[in-house]
Amino acid sequence: MRDRDPVDIGTVISRAPDSVTVKNDLFTRIFRINAQTEIRRVDSSQLQVGDRVAVHCHFDDKGTSIADMIEANVGKWEGIITKVLKDAVHIRFNAPVKGGGEVTFDRTTEFDWCGFDDLKRGCTIDDLKVGRHLEIVGFVLGKSELRATSVLNIHY
């Protein structure tokens, strides 16, 4: 089993046929792209400079970052759950961001960590409750809609 890097989120600053360079507040990193790299977008265009991306990756034996999956047109949202529906929640964004939005979930949404009594327990869709804090990454579908690809955290 190979070591996995947490989901890295940033902006594409350059693109080559076999790599993509991503920058955020903490780092600038080159991710190698190969035939196994899955690239997911809301639309069907190629990765472009300026795209906001989430990169799932691993490191090879030489320490090179290899992209397993790149999700483009992504956003990271945080807020308090105000309404729970069958496959969606409404959240009120954390300050200083005003307003809120709807987050939808599907069978491919990955659930990670929960900040409850058992800190080793992974989250599930059943942990989405009104009043809980939610941190998610997903495809931005509009000004106030995001399709969750990864639930990073749910806590009180």
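Annotation note: Cβ proximity below 8 Å between a residue of the stretch 17-43 that is farther than 12 Å from residue 65 by Cβ and a residue that is open to solvent by 90 Å² or more (accessible area, probe 1.4 Å) and assigned to a strand (DSSP E or B) (sequence gap 6+ or interchain) occurs for 18/32.
All of (1) closer than 20 Å to residue 41 by Cα; (2) surrounded by 15 or more Cβ atoms within 10 Å (Cβ to Cβ); (3) among the small types (Gly, Ala, Ser) hold for residue 142 with one exception: (2).
If you go through the stretch 85-118 and pick out every residue that is open to solvent by 80 Å² or more (accessible area, probe 1.4 Å) and touching a strand residue (DSSP E or B) at 6+ places or on another chain (Cβ under 7 Å), you end up with 4. Considered as a group, the residues in the stretch 145-156 that are within 16 Å of the chain's Cα centre (by Cα) and of a type outside the set (D, E, K, R) include one that is surrounded by the fewest Cβ atoms within 10 Å (Cβ to Cβ), and that residue is 153.
Regarding residue 12, is this residue modelled with pLDDT of 90 or more, surrounded by 16 or more Cβ atoms within 10 Å (Cβ to Cβ), closer than 16 Å to residue 72 by Cα and within 16 Å of the chain's Cα centre (by Cα)? Here the answer is yes, as residue 12 does meet what is asked.
Okay, residues lined up against (1) within 28 Å of residue 29 (Cα to Cα); (2) part of a loop (DSSP other than H, G, I, E, B); (3) β-branched (Val, Ile, Thr):
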site: 48; (1), (2), (3): yes, yes, no
site: 82; (1), (2), (3): no, no, yes
site: 103; (1), (2), (3): no, no, yes
site: 108; (1), (2), (3): yes, yes, yes
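Would you mind stating whether residue 76 is over 14 Å from residue 140 (Cα atoms), open to solvent by 50 Å² or more (accessible area, probe 1.4 Å) and of a type in the set (Lys, Arg)? Considered against the rule, which asks whether it is over 14 Å from residue 140 (Cα atoms), open to solvent by 50 Å² or more (accessible area, probe 1.4 Å) and of a type in the set (Lys, Arg), residue 76 comes out as no.
The values are calculated or read from the model by the stated rules, or taken from the named source; none is laboratory data. On a predicted model such as this, the values are computed, not experimentally measured, just so you know. Positions of Cβ are generated from backbone atoms using ideal geometry, with glycine treated the same way; all protein chains shown enter the neighbour counts. Note: areas computed on protein heavy atoms with side chains; ligands, DNA, RNA excluded. Shrake-Rupley method; radii C 1.70, N 1.55, O 1.52, S 1.80 Å.
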